[in-house]
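Undergrad: I am attaching a structure below and will ask some questions about it afterwards.
Coordinate-derived values only; no laboratory data. None of the values given here were measured: they were computed from a predicted structure. For neighbour counting, all protein chains shown are included, and Cβ atoms are generated from backbone atoms with ideal geometry for every residue, glycine included.
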Amino acid sequence: MRFQPQDLDEIDFSQNLAWAKFANLHPKLVRPRPLLHRYQRAMKYVAASKTGEPLRFTITTGVIKHYRDRADGQWKVSQGDGKEIASGSLPQDGSAHPIEVKVPAAGVYWIEFNDRSAGWGIEAPDEVPTSLALERGRRIIHMGQFRDPLFFFVPRDTKQFQFFWDGGKLEYTAPTEPC
């Protein structure tokens, strides 16, 4: 059998996140490059405004040419408490749409996009810390464009770690020095 479910104690975490400022990440894993991911279906990202500067990102819509006749895609940026800051619609035209959102203060914000299953991409410059927000039960339909590895934070005093991935190749790598 491929996967044997196990009993585990699941921990609920707050949606009010903090920007992790890592000092000692493995040099082979961190390359200063803009974020570029492509998906089909709605996904959620988290991005940081370091000093209160606007969030800048680009959404490419209608990546799947034959689905460009679908309804406009919907984007939204919100605070950790769910309060919406900005939102809008984008045509499924296969084009890149730059977005800039003024935020009320430095902090971490949620970016959501619903592509109506027409395929979409997100790009963010290196100076805007941006990360995929994995959600329990949400199936990821990735369109094969992860240029760089993805990272997640495990607190220092964690005694046990359980992770389930149903997808392509997965490799765990720890930093060479504690963060």
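Undergrad: Among the trypsin sites (Lys or Arg not before Pro) in the range 82-141, which ones are in a DSSP loop with at most 12 other Cβ atoms within 10 Å of the Cβ? Mind listing them? All intermediate terms of the calculation are to be shown ahead of the outcome.
TA: Working: sites: Lys83, Lys102, Arg116, Arg136, Arg138, Arg139; in loops: Lys83, Lys102, Arg116, Arg136, Arg138, Arg139.
Here the sparse-neighbourhood loop sites are Lys83, Lys102, Arg136, Arg138, Arg139.
Undergrad: Taking Rh as the Kirkwood radius, which is the inverse of the mean 1/r over Cα pairs, what is the Rg/Rh value for the range 35-142?
TA: A ratio of 0.95.
Undergrad: I need the calculated FRET efficiency for the pair Asp93 and Glu171, taking r as the beta carbon distance and R₀ as 45 Å, to the nearest 0.05.
TA: Computed FRET efficiency for Asp93 and Glu171: 0.80.
Undergrad: Now for a separate question. For Asp9 and Ile85, calculate 0.36 nm times their separation in residues minus their Cα-Cα distance, and state this gained length in nm to one decimal.
TA: Value of the extension gain: 23.9 nm.
Undergrad: Most exposed first by the Cβ proxy, i.e. fewest other Cβ within 10 Å, how do Leu55, Leu35 rank?
TA: Leu55, Leu35
Undergrad: Filter the chymotrypsin sites (Phe, Trp or Tyr not before Pro) in the range 47-150 to those in DSSP coil with at most 16 other Cβ atoms within 10 Å of their Cβ, and list the result. Walk me through the numbers before you get to the answer.
TA: Numbers: sites: Phe57, Tyr67, Trp75, Tyr109, Trp110, Phe113, Trp120, Phe146; in loops: Phe146.
Listed in order of number, the matching sites are Phe146.
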